[in-house]
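FYI, it's all coordinate maths here, none of it is from the lab. Since the structure is predicted, the reported quantities are computational estimates derived from the model, not experimental observations. All Cβ positions, even for glycine, are placed from backbone atoms using ideal geometry, and neighbour counts span all protein chains on display.
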Amino acid sequence: MWAVYRKELNSYFHSPIAYVLIGFFVLLTAIFFYPYVMALYGDFTPVLSTMGFILLFIVPILTMRILAEDRKNGTEVLLLTSPTSLPKIILGKFFAAYTVFFVMTAITFVFPIILSFYGGPITPQVVGAYFGFLLLGAAFIAFGVFSSSLTENQIIAAVIGFVGLLIMWLADALAPVVGGFLGKVLGWLSLLTRYNDFYNGILGLGPVVYYLSFTGVFIFLTVRVIERRRWSQG
């Protein structure tokens, strides 16, 4: 697993993609930092909410190539015949993408540090919101990796990832409109509702378990998709 992790991480940082995404993410965070924070008397948590929305665009681009590229280049067969188990390979790729996400998130922590010099202390609410943001990112990346496993076209993988994440992000708002059983399912799938718990300073076990379970389910589904393709190809 760690060999795959190192290989994927090197591929991110030996190409422009990691630097462009990290720079873009930090730049957008900085743009939202001034009007939200200065106008709201040093409250950084609204910026974290905006950062969550920005991830809808960042993560599909970050993960679109992670499996689709192997399939397009014909190197997927090397993964399928590797002595390393398929779940470990998928986990290695997942953790590589998550490391890039973690780096870009860690850089943005400079903003609450800046606020602390102007009398805005780093409160437990901000720390909790960052913790929730890291869990949200794991869920997003797991879905992005799953999307990349469905096709060999990176653009299609990015579109699938974006549309799927957008639906789950808006699920809580769509649930009352849809109503019935489907509305209840959408309400349960909502990623935003549980993130709002962290954003509001509520650190409960339920949201943590949900995000970890969501991440685990889509990693499992990714493994199943590739295994099914392996058996269909003989």
For the chain, find the longest principal axis of its Cα atoms and tell me its angle to the long axis of helix 86-108, 0 to 90°, nearest 10. 20
Report the residue, chosen from GLY52, GLY204, GLY164, that carries the largest GNM mean-square fluctuation when the chain is represented by alpha-carbon nodes joined by springs under 10 Å. GLY204
Integer Hz, Karplus 6.51/-1.76/1.60 couplings in order for region 156-168, x for Gly and Pro: 5, 4, 5, 5, 4, x, 5, 5, x, 5, 5, 4, 5
Please get the size of the charge dipole for region 2-232, origin at its Cα centre, with Cβ charges of +1 on Lys and Arg and -1 on Asp and Glu, quoted in debye to the nearest 20. 600
Can you compute the FRET efficiency between ALA3 and ASN200 using 1/(1 + (r/R0)^6), with r the Cβ-Cβ distance and R0 = 41 Å? Round to the nearest 0.05. 0.50
Per DSSP H run of n ≥ 4, the term is -39500 (n - 2.57); total these for the chain, divide by its residue number, and report the mean residue ellipticity at 222 nm rounded to 500 deg cm²/dmol. -26500 deg cm²/dmol
So which lysines can LYS93 reach, going by Cα to Cα under 17 Å and dropping same-chain residues fewer than 8 places off? LYS7, LYS72
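Residue separation times 0.36 nm, minus the C-alpha to C-alpha distance between VAL163 and ALA30: what's the value? Show your work: numbers first, answer last.
Values: separation 133, 0.36 × 133 = 47.88 nm, distance 2.58 nm.
Stretched out fully, the VAL163 to ALA30 stretch lengthens by 45.3 nm.
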Taking the dipole of region 2-232 about the Cα centre (Lys, Arg +1; Asp, Glu -1; charges at Cβ), the one of GLY201, LEU28, GLY137 that reaches farthest to the positive side is GLY137
With R₀ set to 25 angstrom, the calculated FRET efficiency between the beta-carbons of HIS14 and SER85, to the nearest 0.05, is 0.45
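Going by how many other Cβ atoms sit within 10 Å of their own, how do SER85, SER116 line up, fewest first?
With the sparsest Cβ surroundings first, the list reads SER85, SER116.
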Once label points are set 7 Å from the Cα along Cα→Cβ at both LEU170 and THR193, what is their separation, rounded to one decimal in nm? 1.8
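Using 1/(1 + (r/R0)^6) with R0 = 45 angstrom and r between the beta carbons of ARG228 and PHE117, what's the FRET efficiency to the nearest 0.05? Present the calculation step by step, with values, prior to reporting the outcome.
Numbers: r = 54 Å, r/R0 = 1.20.
After rounding to 0.05, the efficiency reads 0.25.
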When TRP169, TRP231 are ordered from fewest to most other Cβ atoms inside 10 Å of their Cβ, what list results? TRP231, TRP169
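On a full-extension model of 0.36 nm per residue, what is the gain between PHE220 and VAL127, subtracting their alpha-carbon distance, rounded to one decimal in nm?
This chain segment gains 30.5 nm when fully extended.
Treat the count of other C-beta atoms within 10 Å as a stand-in for reagent exposure and order THR45, THR50 from fewest to most.
Working: THR45 20, THR50 14.
Ranked by crowding around the Cβ, least crowded first: THR50, THR45.
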